[in-house]
Amino acid sequence: MILVMVVCGPLGNVLLGRGMKQVGAVSIWPVSHLLTVALRTFANVSIWMGIGSLLVMFIAYMLVLSWADYSFVQPASSLAYGVVALLGYLVLGEHVSPLRWAGIAIICLGVFVVGQTAPRTTNREMAGPD
Amino acid sequence: MRDLVLFSLIVLAGTGGELCMSRAMQRVGGVASFDPAQIVRVVRRGLGQPWMWAGVSMMALAFFALLGALSIYNVSFVVPVTALSYIAGALGGIFFLDERVTFWRWMGVLLVAVGVTLVVLGKG
């Protein structure tokens with residue numbers, strides 16, 4: 001679930017970014033321009049896939065928080081920074097600076113350390129049928 | 001003064017929103033399986049919690065405050081915001097959600113905060 005979270009969040013943002021680039025610069029006046037832009041936005045496949053990804057990530061986030069501590073999930077979700085860099089490097093061919101790779105290595109180390117602690121330290125019921 | 005207000009608003013509303021969302025899900029209880037019916041039930045129960053909507057409103061507030069801040073300052077503004085969010089998150093976990101943050105969890109959180117700071121700096 002944490003994997004779903006850290007992959008879907010960045011993926012959603014990248015897809016939305018690509019979608020809006022395809023739509024082009026937004027002009028909101030006259031109103032007919034705004035309508036054209038809106039129509040083109042909602043007709044764009046990337047936009048819908050982006051919205052879908054972000055929705056999946058929000059649901060995964062809710063589910064993870066239903067059984068794990070926030071102080072466990074918040075640091076773990078920062079693996080997304082690594083996914084963003086990898087996506088940018090592999091898919092978009094972006095240059096990733098050494099400082100950024102170093103930061104990602106430290107994040108991974110930190111997540112590993114957090115991962116050694118108990119995911120849940122509060123008492124809570126497991127959800128049963130209604 | 002305006003900077004300080006905007007800055008605290010983003011950190012506190014952003015982290016506070018996620019903490020409220022966590023509290024809502026804490027009350028709903030854990031998902032035991034990947035059974036779709038159970039997932040739908042837990043998500044619906046989560047959305048029925050007032051804490052969830054308090055959390056979502058605070059996150060929206062923080063989002064717009066961040067957009068506003070970015071129109072005034074450049075991206076380096078984000079650096080202390082993200083770093084401090086991890087500290088605020090761990091503190092909120094302790095005092096708002098009754099979580100036990102052990103020495104090692106603190107160490108991990110601090111490492112992540114340092115790493116995220118470097119990533120944001122490395123993008124500039």
Filter pass, B:Phe77 being among the aromatic types (Phe, Trp, Tyr), within 14 Å of another protein chain (Cβ to nearest Cβ), within 30 Å of B:Leu121 (Cβ to Cβ) and surrounded by 13 or more Cβ atoms within 10 Å (Cβ to Cβ): no
Evaluation of A:Thr36 against (1) more than 30 Å from A:Ala80 (Cβ to Cβ); (2) of a type in the set (Val, Ile, Thr); (3) modelled with pLDDT under 80 (one fails), failing number: (3)
Within region B:39-71, tally of residues that are assigned to a helix (DSSP H, G or I) and surrounded by 14 or more Cβ atoms within 10 Å (Cβ to Cβ): 20
The one condition in (1) more than 9 Å from every other protein chain (Cβ to nearest Cβ); (2) assigned to a helix (DSSP H, G or I); (3) surrounded by fewer than 18 Cβ atoms within 10 Å (Cβ to Cβ) that B:Ser33 fails to fulfil: (2)
Within region A:88-107, considering residues that are more than 7 Å from every other protein chain (Cβ to nearest Cβ) and under 19 Å from A:Leu11 (Cβ atoms), the one modelled with the lowest pLDDT: A:Leu92
Selected residue (criterion: nearest to the other protein chains (Cβ to nearest Cβ)) from residues of region B:92-109 that are outside any helix (DSSP H, G or I) and in contact (Cβ under 8 Å) with a residue 40 or more places away in the chain: B:Leu97
Breaking point among (1) in contact with a Ser or Thr (Cβ under 7 Å, 6 or more places away or on another chain); (2) assigned to a loop (DSSP other than H, G, I, E, B), for B:Val112: (2)
Test: residue in region A:80-87 that is within 11 Å of chain B (Cβ to nearest Cβ), of a type outside the set (S, T, N, Q), crowded, with 23+ Cβ neighbours inside 10 Å and touching an Asp or Glu at 6+ places or on another chain (Cβ under 7 Å): no
Failed item, numbered, when B:Gly89 is tested on (1) surrounded by fewer than 20 Cβ atoms within 10 Å (Cβ to Cβ); (2) in contact (Cβ under 8 Å) with a residue 40 or more places away in the chain; (3) of a type in the set (Gly, Ala, Ser); (4) at the interface with chain A (Cβ under 10 Å from one of its Cβ atoms): (1)
Pairs where the first residue, in region B:37-57, is more than 8 Å from every other protein chain (Cβ to nearest Cβ) and the second is surrounded by fewer than 18 Cβ atoms within 10 Å (Cβ to Cβ) and not aliphatic (A, V, I, L, M), C-beta under 8 Å, 6+ apart: B:Gln49/B:Arg27; B:Trp51/B:Arg27
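The values are calculated or read from the model by the stated rules, or taken from the named source; none is laboratory data. All values reported here derive from a predicted model rather than from experimental measurement. Glycine gets a Cβ as well: all are built from the backbone with ideal geometry, and neighbour counts include every protein chain shown.
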